[in-house]
């Protein structure tokens with residue numbers, strides 16, 4: 001069996017992240033209504049969550065102020081008030097931890113850059129075209145995502161992707177969309193190693209689509225940009241196993257292991273320690289990482 005190639009290097013603000021191993025991006029939502037209850041944080045619990053993520057092996061924390069799905073409207077000022085003070089505190093208290101901000105709004109990205117953020121996680125596929133320009137102007141990395149044209153905070157309904165082979169239509173659309181966005185980012189002056197591509201499971205997709213995108217991870221890795229997988233406790237895992245968000249860890253880690261074997265570089269996770277251990281084990285099976293200790297049969 002041939003081992004797939006290692007995914008592209010990730011570099012943010014000139015700093016290589018991960019040094020040859022998969023990268024863990026911890027989810028810390030400064031929101032009262034995230035779909036996964038333990039991820040709902042006020043100021044105090046968000047600080048605690050960041051500290052815990054750092055202790056458990058996170059390389060990046062992804063800070064969000066608006067639930068991805070439907071819910072009460074959150075204006076720009078409210079999103080800034082939720083997220084930017086947290087960016088400031090993380091930067092001061094955890095200088096070695098990289099900071100990502102999960103937003104589709106250029107105003108929020110600009111404020112986060114002012115406080116030292118490293119990456120903008122645009123999960124809504126360039127809905128605000130000025131956001132990528134802000135990332136380029138301020139030296140931030142950018143996540144190029146795919147939503148099938150869906151608008152922010154909407155759910156998919158009977159979405160279809162045409163293709164000659166069943167399910168390859170969604171893969172073709174994802175590859176084309178994120179590749180176009182990534183090339184725009186590079187043309188604006190963003191380091192290619194700071195441009196992440198994300199198939200964006202669940203967003204504008206049904207469960208069959210999302211499963212197919214995991215098994216075809218290599219097609220995204222072949223684009224030559226670091227691949228981000230945001231799989232953690234998502235609905236496609238829940239529907240596949242018929243489980244609520246609270247019981248989706250094992251399914252998440254199974255998908256994580258497959259994507260890591262196939263060369264994905266960055267994994268957005270609610271469960272940092274479990275994800276870190278899973279990724280380290282996959283890396284050792286691939287031959288990319290030596291065992292931490294190997295004395296059996298030798299001593």
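At a 10 Å Cβ-Cβ cut-off, how would you order 261, 124, fewest neighbours first?
On the way: 261 16, 124 22.
Listed from fewest to most nearby Cβ atoms, that is 261, 124.
Please report the spacing between the Cα centers of the stretch 235-299 and the stretch 111-147 in Å, no decimals.
27 Å
Quick one: which of 57-63, 24-30 comes out on top by average Cβ neighbours within 10 Å, and what's the full order, highest first?
Numbers: 57-63: 24.1, 24-30: 26.9.
The densest-packed peptide leads the list: 24-30, 57-63.
With springs only between Cα atoms under 10 Å, which of 142, 84, 285 fluctuates most in a Gaussian network model of the chain?
Of 142, 84, 285, the most mobile in the Gaussian network model is 285.
For the pair residue 33 and residue 183, what calculated FRET efficiency results from E = 1/(1 + (r/R0)^6), where r is the Cβ-Cβ distance and R0 = 41 Å, to the nearest 0.05? It would help to have the intermediate numbers written out before the result.
On the way: r = 35 Å, r/R0 = 0.86.
Efficiency at R0 = 41 Å is approximately 0.70.
Given [x] 60, 50, 41; [y] 57, 47, 42; [z] 50, 50, 38, which label gives Cα extents along the principal axes in Å as computed from the coordinates?
So the calculated entry is the one marked [x].
Can you bin the stretch 211-299 into rounded, prolate or oblate? Criterion: square roots of the alpha carbon gyration tensor eigenvalues sorted a ≥ b ≥ c, rounded for a/c under 1.5, prolate for a/b above b/c, oblate for the rest.
Working: a/c = 2.41, a/b = 1.36, b/c = 1.77.
Cα axes put the stretch 211-299 in the oblate bin.
Please report 214, 165, 170 as a ranked list, fewest other C-beta atoms within 10 angstrom at the top and most at the bottom.
165, 214, 170
What ranking do 236, 203, 35 get, fewest neighbouring Cβ atoms within 10 angstrom at the top? Walk me through the numbers on the way to the answer.
Details: 236 22, 203 26, 35 18.
In increasing order of surrounding Cβ atoms, one gets 35, 236, 203.
Each value in this text was obtained by applying a stated rule to the coordinates, not by laboratory testing. Predicted model, so just to flag it, every value in this text is computed and none were measured. Counting neighbours? That spans all protein chains shown, and the Cβs are built from the backbone with ideal geometry, glycine included.
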